[in-house]
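Working notes, beginning with the structure itself.
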Amino acid sequence: MWRPLVGADDRTVPVTVQTRTTLSPGRASDIIVPIDLSLVFTGWGPFPGVRGANNQTGPWDRIGASRNPDLSDGSTATETLTEYTPGHSFAYELAAFTGVLRRLIEGIRGEWTFTPDGEGTLIRWCYEFKPLRHRYALVHLALAPLWRRYMVAGVQLAAAAAENLATQATHT
């Protein structure tokens, strides 16, 4: 039986970033949920980019779907979709890291939300690191601030890619 990685009693390190797009929440969500990860996560500072995903168990629009992001440093992880509300939000867990993160965290819970914002959408991306025992301070003080910068780049690239893909679809 599946159990969530993060529970009510867990001490986690949250990081949240956001950006805006001119697309509607439904359109932004429809494009970003299944987006090619290599378009969005190109790497920043010490963090690798995503080259793609392997072993995907089906469309990224059903709870329980899983895949292995293939990172540019040769490492990987297991990502599982845990929540999906079409046009509004999706959440996932990342675990089984093979790179340096395996020494710092047990896993991550991520969530993207698409909320109406005037004529467009506020896109919010939340990450919750679940540190390994005795690693909370290191994750909180060192990893999270750096990771936030990676996330800012990622959410902005996601919004730009969604707008570009929406424009291409309109002109096709």
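The values are calculated or read from the model by the stated rules, or taken from the named source; none is laboratory data. The shown structure was predicted, so the numbers you read here are calculated from the model rather than taken from an experiment. Cβ sites come from the backbone with ideal geometry, for glycine too, and all protein chains shown count toward neighbours.
Table for the structure above
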item: Residue identified as part of a strand (DSSP E or B) and out of contact with any Lys or Arg (no Cβ under 7 Å at 6 or more places or on another chain) among Arg133, Arg148, Arg124; result: Arg124
item: Condition met for Gly26 (farther than 25 Å from Thr121 by Cα and either in a loop (DSSP other than H, G, I, E, B) or in contact (Cβ under 8 Å) with a residue 12 or more places away in the chain (or both)); result: no
item: Filtered residues of segment 88-112 (kept if in a strand (DSSP E or B), within 30 Å of Thr21 (Cα to Cα), in contact with a helix residue (DSSP H, G or I) (Cβ under 9 Å, 6 or more places away or on another chain) and not small (Gly, Ala, Ser)); result: Phe90, Leu94, Ile108, Trp112
item: Selection from segment 14-34 of residues that are under 21 Å from Arg148 (Cβ atoms) and within 15 Å of the chain's Cα centre (by Cα); result: Pro14, Val15, Thr16, Val17, Gln18, Thr19, Ile32
item: Qualifying residues in segment 81-93 (those that are surrounded by 20 or more Cβ atoms within 10 Å (Cβ to Cβ) and not hydroxyl-bearing (Ser, Thr, Tyr)) - the one farthest from Asp30 (Cα to Cα); result: Glu93
item: Residue count for segment 60-79, restricted to those that are under 21 Å from Val100 (Cβ atoms) and among the hydrophobic types (A, V, I, L, M, F, W, C); result: 2
item: Residue tally, condition touching a residue at least 60 places away in the same chain (Cβ under 8 Å) and closer than 12 Å to Leu5 by Cα, over segment 81-107; result: 5
item: Test: residue in segment 65-76 that is of a type in the set (Lys, Arg), crowded, with 16+ Cβ neighbours inside 10 Å and either free of Cβ contacts under 8 Å to residues at least 24 places away in the same chain or assigned to a strand (DSSP E or B) (or both); result: yes
item: Segment 114-139, residues that are closer than 12 Å to Gln18 by Cα and buried (at least 19 other Cβ atoms within 10 Å of the Cβ); result: Phe114, Thr121, Ile123, Trp125, Tyr127
item: Selection count where residues are on the phi > 0 side of the Ramachandran plot and modelled with pLDDT of 95 or more, scope segment 28-55; result: 1
item: Selection within segment 104-137 - more than 18 Å from Asp10 (Cα to Cα) and of a type in the set (D, E, K, R); result: Asp117, Glu119, Arg124
item: Count of segment 38-52 residues which are within 12 Å of Gly74 (Cα to Cα) and either free of Cβ contacts under 8 Å to residues at least 12 places away in the same chain or not hydrophobic (A, V, I, L, M, F, W, C) (or both); result: 4
